[in-house]
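> Pasting a structure here, questions to come.
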Amino acid sequence: MNVNETLNSLLLRVEKPARYIGGELYSVVKDPKTTATRFAFAFPDMYEIGMSYLGLQILYHVVNREEGMACERVFAPAPDMEQEMRKAGLPLYTLENKTPLREMDIIGFTLQYEMSYSNILNMLSLSQIPLRVKERGEEWPLIAAGGPCACNPEPLADFIDLFLLGDGEESLPQLLKLHGQWKREGGMKKEFLERAAKMPGVYVPSFYQPVYDEAGALTEMKKINSAAPERIEKRITADMDSDVFPQKSIVPLISVVHDRAVVEIFRGCSRGCRFCQAGMIYRPVRERSQERIFEIAQSQLCATGYEEMSILSLSSSDYSGIEPLVSRLMCLCRERDASLSLPSLRLDSFSFRVMEEIQGYKKTGLTVAPEAGTQRLRDVINKNITDNDIYSAMEQAISLGWTSVKLYFMIGLPTETYEDLDGIAEIAANIVELAKKANGGKQGRFHVTVSVSNFVPKPHTPFQWCAQNTREEFEDKHRYLKEKLRKVKGVSFHYHAADTSHLEAVFARGDRRLGEVLARACELGCHFDGWHEHFRASLWEEAFSKTGIDGDAYALQARDEESILPWDMLDYGVTKQYLQSEWRKAQAACVTDDCRHGCTGCGIKRLAACEMEGSL
Amino acid sequence: MNRYVLKFRKEGYMRYISHLDLLRLFKRSFSRIGVRLRHSEGFNPHPKMSFVQPLSLGYISKGEYLEFETVHPQDVASMQVRLNAALPEGISVVAIRTEAGKKALSARVACASYTVQFLDGDGGEAFDAGRLCAAIDGFLQQKEILREKKQKTGKFVTQDIRPMIYALRENSQENGSVSLTMEVSAGSNCNLNPEVLLTELFSYAGLSYPRESLRICRDEMYLQPADGSVKIPII
């Protein structure tokens, strides 16, 4: 089948056909005949989401600059396109060469969120590739995966040949190089996997066999191939100033979620919020130098012509030279008629000064994330923000003319009571009062949005042992807050669906037995579960009941600290002992200081130098 | 005033990008080559740049036009070379000239020519091409060609499209497949979508309309001088 011809006959029948054509500026099309290893970077969500993901741009760049390997892209087609493709028998293809995925050497899925797992299977099915590792003989491509959710890869272990743990910018080209050598020598798949397993940061699930006791508890991850290591350490890119950052990133032809130039200013976070997986698994903090950031920003803006530029990190204000950096970037953007966007700034006086300067009269919404409604609960989760911080920031915002504020909270956090929920409503009401006071008793246009998400315990965090709230508990809390906040004028309330959060918790801490459920869910037609318009809870229920697997247990049961967890053999730097001590401190509502005030002993120093330790 | 008009082609997979996508693409391409566009005044400044006539999603074109104003005067030859280096494959600038006329070209364009190809084989619906071609003369000899047009308000009005058709003919094709060329009204005053004409033609010939097997290319856009005698291409 000629992909191009078939595509042309169906593209006009689908919404936003440009999602499926490739051809963007700085996309790289290499000749398949002269490329030893062809890699497909697969993003298991729509084009507009995937193209906003910086990791794609980085990996695309580091692979395509090498000879003998190519990185092409593929995204999950929207349901309308999927239907057309299935009808026409058109297999999923790469955007660059329009090559069917089954003809690629390696397909690498990025695991950004658990709710995209069904899309991974669906994309394999659309590629006409057998789902399970054991069903794929020598003729089929290798399927790899990486990204944050690879820190508990077990629910996907039946489908993925190998996982890359940690930062990918060094390990992916190494893996592809290894593949090129192996291909030249003409070996079997298993030989390649054995060689790959010796590479740091590579986890080959088929080399390990989970053992369960009679009660169904995991007792051991038994090594069944001598090439496999006992423990696998995540990879860490030490030097942020090297040339791994793309300056000519692909410029999409259609508008995508984040349609702008972007520079990552540092990786990792030293704050130690206990619910936050990113804060634990991306350690240590590694800053990019101001010079290098500026250089990248400048060349990116010139090369792409973007009208907006953004900096990226887990907590921008923590960059050690944030003030001079922002001043320089503001100058640069002004010269080029571009706007500057500064996400995740703490609301201190510097931030307000900057926002005044870059936004002027156009004041977009202001966002604060107290995460919990009382100081006690904020201490439990180690979110280092006080009532005073919140209110003084709001006072400043109001005096500078902001009329819309967004507050982010989580519910269902460990030790939470209804008093903590009352705290959420109080904060919202107090902010409205502040606005009235500043406005001579009138509220005017001032508006507060309270957005609540449901807490999901994640692996490699101090909360990995705790039970999630049941869906009913979440729904009761939603109702309670809705009722409370309904009484406060000028406040609107948003919350996430409980069943999605539940399923997220199941897969976040799931084990290999969930593979059956995933395969069944895919068969039943589950896809785009992160999109509320596509998520179908009833199909998932059917998948669990048909496979006889109790999903609830994964989310709702508290784990014993002594128990063996499916991800115990994956070393992300932070030790289990440290997580345990943080879990105990949480239950006692004791805080742990930001480690820039002094090392707190998380364990990352076993794997890498920690340059920010004690820097404050 | 540094006003220019640029002629470009939109081909290959680029035919699937929309009007707004294309505007953004040109805006960024100008920025990449360091040409600053003049912006409108006011609270929400936008660059002074517009297409002479929008092109339907899925059509290719050999004669699209973009009008724009720059802050500084430009050398058109060099700008063309630099733009082509900054544009993705499938969009190419064929000419640029300065534009002296005060009135926007979108208000002065009068006519556009299109070539329509009918694909057979993959995705194509077979139809009696001979019967279609035989119907052309009779179709054009009609005094009026009436159709129901849906207005923005939702009401239907009767419209005569005959005066909007300047030419319609079949092309001889070496490989035996059929293609038609047409010249029809275009512009903000009076505009005929080629697919409206085709629908009427197929219906006149008693054939069902093979919507899926059409490939439409806009070949050129023309200005009509005051005397109405000759059509001249914009560039």
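The values are calculated or read from the model by the stated rules, or taken from the named source; none is laboratory data. On a predicted model such as this, the values are computed, not experimentally measured, just so you know. Cβ placement follows ideal geometry from the backbone for every residue including glycine, while neighbour counts extend to all protein chains displayed. The area values use the complete protein model at the heavy-atom level, side chains included, leaving out ligands, DNA and RNA. Shrake-Rupley method; radii C 1.70, N 1.55, O 1.52, S 1.80 Å.
> Filtering the range A:216-244 down to residues that are within 23 Å of A:Lys134 (Cβ to Cβ) and among the basic types (Lys, Arg), which residue is surrounded by the fewest Cβ atoms within 10 Å (Cβ to Cβ)?
Only one residue fits best here, namely A:Lys222.
> Might you let me know whether the range A:3-26 holds any residue that is of a type in the set (Val, Ile, Thr), under 24 Å from A:Pro173 (Cβ atoms) and within 14 Å of chain B (Cβ to nearest Cβ)?
Looking through the range A:3-26, none of the residues is of a type in the set (Val, Ile, Thr), under 24 Å from A:Pro173 (Cβ atoms) and within 14 Å of chain B (Cβ to nearest Cβ).
> State yes or no: is A:Glu419 assigned to a helix (DSSP H, G or I), farther than 19 Å from A:Gln557 by Cα, of a type outside the set (Ser, Thr, Tyr) and at pLDDT 95 or above?
In short, yes.
> Could you list, in sequence order, all residues of the range A:47-57 that are of a type outside the set (Ser, Thr, Tyr), away from chain B (no Cβ under 14 Å) and open to solvent by 10 Å² or more (accessible area, probe 1.4 Å)?
A:Ile49, A:Leu54, A:Gly55, A:Gln57
> OK, next. Can we say A:Val257 is in contact with an Asp or Glu (Cβ under 8 Å, 6 or more places away or on another chain), farther than 19 Å from A:Ala338 by Cα, of a type in the set (A, V, I, L, M) and more than 14 Å from every other protein chain (Cβ to nearest Cβ)?
No.
> Against the definition (open to solvent by less than 70 Å² (accessible area, probe 1.4 Å), modelled with pLDDT under 85, within 28 Å of B:Gly63 (Cα to Cα) and in contact with a Gly (Cβ under 9 Å, 6 or more places away or on another chain)), how does B:Pro225 come out, yes or no?
Judged against the criteria, B:Pro225 is not a match.
> Look at A:Ala589 and say whether it is more than 25 Å from the chain's Cα centre (by Cα), open to solvent by 20 Å² or more (accessible area, probe 1.4 Å) and not assigned by TED's automatic domain parsing to the domain that holds A:Asn382.
yes
> Another one. Of all residues in the range B:58-78, count the ones that are among the β-branched types (Val, Ile, Thr) and within 12 Å of chain A (Cβ to nearest Cβ).
Total satisfying the criteria: 2.
> If you check A:Phe192 against the conditions, is it modelled with pLDDT under 95 and among the aromatic types (Phe, Trp, Tyr)?
Here the answer is no, as A:Phe192 does not meet what is asked.
Matching residues to (1) within 30 Å of A:Tyr554 (Cα to Cα); (2) surrounded by fewer than 21 Cβ atoms within 10 Å (Cβ to Cβ); (3) free of Cβ contacts under 8 Å to residues at least 60 places away in the same chain:
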{"site": "A:Ser116", "(1), (2), (3)": "yes, no, no"}
{"site": "A:Leu126", "(1), (2), (3)": "yes, no, yes"}
{"site": "A:Gly137", "(1), (2), (3)": "no, yes, yes"}
{"site": "A:Ala144", "(1), (2), (3)": "yes, no, yes"}
{"site": "A:Pro148", "(1), (2), (3)": "yes, yes, no"}
{"site": "A:Phe163", "(1), (2), (3)": "yes, no, yes"}
{"site": "A:Gln174", "(1), (2), (3)": "no, yes, yes"}
{"site": "A:His179", "(1), (2), (3)": "no, no, no"}
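> Out of (1) closer than 22 Å to A:Asp243 by Cα; (2) touching a Gly at 6+ places or on another chain (Cβ under 6 Å); (3) open to solvent by less than 20 Å² (accessible area, probe 1.4 Å), what's the single condition that is false for A:Cys71?
Looking at each condition in turn, A:Cys71 falls short on (2).
> Follow-up. Any residue in the range B:32-46 that is closer than 28 Å to A:Tyr20 by Cβ and either assigned to a helix (DSSP H, G or I) or open to solvent by 60 Å² or more (accessible area, probe 1.4 Å) (or both)?
Within the range B:32-46, one or more residues are closer than 28 Å to A:Tyr20 by Cβ and either assigned to a helix (DSSP H, G or I) or open to solvent by 60 Å² or more (accessible area, probe 1.4 Å) (or both).
> A follow-up question, please. Could you list, in sequence order, the residues of the range B:182-212 that are among the polar types (S, T, N, Q) and open to solvent by less than 20 Å² (accessible area, probe 1.4 Å)?
B:Ser185
> Quick one: how many residues across the range A:10-31 are closer than 24 Å to A:Gln83 by Cβ and surrounded by fewer than 19 Cβ atoms within 10 Å (Cβ to Cβ)?
Within the range A:10-31, residues that are closer than 24 Å to A:Gln83 by Cβ and surrounded by fewer than 19 Cβ atoms within 10 Å (Cβ to Cβ) number 3.
> Could you check the range B:1-31 and list, in sequence order, the residues that are touching a Ser or Thr at 6+ places or on another chain (Cβ under 6 Å) and open to solvent by 40 Å² or more (accessible area, probe 1.4 Å)?
Residue satisfying the conditions is B:Arg9 alone.
> Check A:Trp402 against each of (1) part of a loop (DSSP other than H, G, I, E, B); (2) of a type in the set (A, V, I, L, M, F, W, C); (3) more than 21 Å from A:Ala589 (Cβ to Cβ); (4) in contact with an Asp or Glu (Cβ under 9 Å, 6 or more places away or on another chain) and name the one condition it does not meet.
(4)
> Which ones in the range B:1-13 are assigned to a helix (DSSP H, G or I) and either among the acidic types (Asp, Glu) or more than 7 Å from every other protein chain (Cβ to nearest Cβ) (or both)?
Correct list: B:Gly12 only.
> Regarding B:Gly101, is this residue under 22 Å from the mean Cα position of the chain (by Cα), more than 14 Å from chain A (Cβ to nearest Cβ), free of Cβ contacts under 8 Å to residues at least 40 places away in the same chain and open to solvent by less than 40 Å² (accessible area, probe 1.4 Å)?
yes
> When the residues of the range A:299-358 are narrowed to those that are of a type in the set (Val, Ile, Thr) and more than 14 Å from chain B (Cβ to nearest Cβ), which ends up nearest to B:Arg82 (Cα to Cα)?
A:Ile311
> So, one more: Condition first: in contact (Cβ under 8 Å) with a residue 12 or more places away in the chain, part of a loop (DSSP other than H, G, I, E, B) and closer than 24 Å to A:Pro200 by Cβ. Now tell me which residues in the range A:214-238 satisfy that.
A:Ile224, A:Asn225, A:Ala227, A:Ala228, A:Pro229, A:Glu230, A:Arg231, A:Lys234, A:Ile236, A:Thr237, A:Ala238
> Within the range A:201-215, track down each residue that is open to solvent by 60 Å² or more (accessible area, probe 1.4 Å) and either of a type in the set (A, V, I, L, M, F, W, C) or not assigned by TED's automatic domain parsing to the domain that holds A:Gly147 (or both).
Within the range A:201-215, A:Ala215 is the sole residue that qualifies.
> Okay, moving on. List the residue pairs whose Cβ atoms are under 8 Å apart, where the first residue sits in the range A:399-427 and is under 15 Å from A:Thr374 (Cβ atoms), the second is among the hydroxyl-bearing types (Ser, Thr, Tyr) and at pLDDT below 95, and the two are 6 or more positions apart or on different chains.
Final answer for the pair search is A:Leu407/A:Thr367.
> Kindly list the number of the only condition in (1) surrounded by 12 or more Cβ atoms within 10 Å (Cβ to Cβ); (2) under 21 Å from the mean Cα position of the chain (by Cα); (3) at pLDDT 85 or above that fails for B:Leu119.
(3)
> Follow-up. When you look at A:Leu407, is it more than 22 Å from A:Thr592 (Cβ to Cβ) and either within 28 Å of the chain's Cα centre (by Cα) or buried (at least 16 other Cβ atoms within 10 Å of the Cβ) (or both), yes or no?
yes
> Quick check on A:Thr449: is it more than 24 Å from A:Gln112 (Cβ to Cβ) and either assigned to a loop (DSSP other than H, G, I, E, B) or basic (Lys, Arg) (or both)?
So A:Thr449 does not fit the description; no.
> Looking only at the range B:15-57, how many residues end up being within 7 Å of chain A (Cβ to nearest Cβ) and either among the aliphatic types (A, V, I, L, M) or farther than 22 Å from B:Met79 by Cα (or both)?
Of the residues in that region, 3 qualify.
> Look through the range A:272-296, keep the residues that are in contact with a helix residue (DSSP H, G or I) (Cβ under 6 Å, 6 or more places away or on another chain) and buried (at least 20 other Cβ atoms within 10 Å of the Cβ), and return whichever of them is nearest to the other protein chains (Cβ to nearest Cβ).
The residue in question is A:Ile281.
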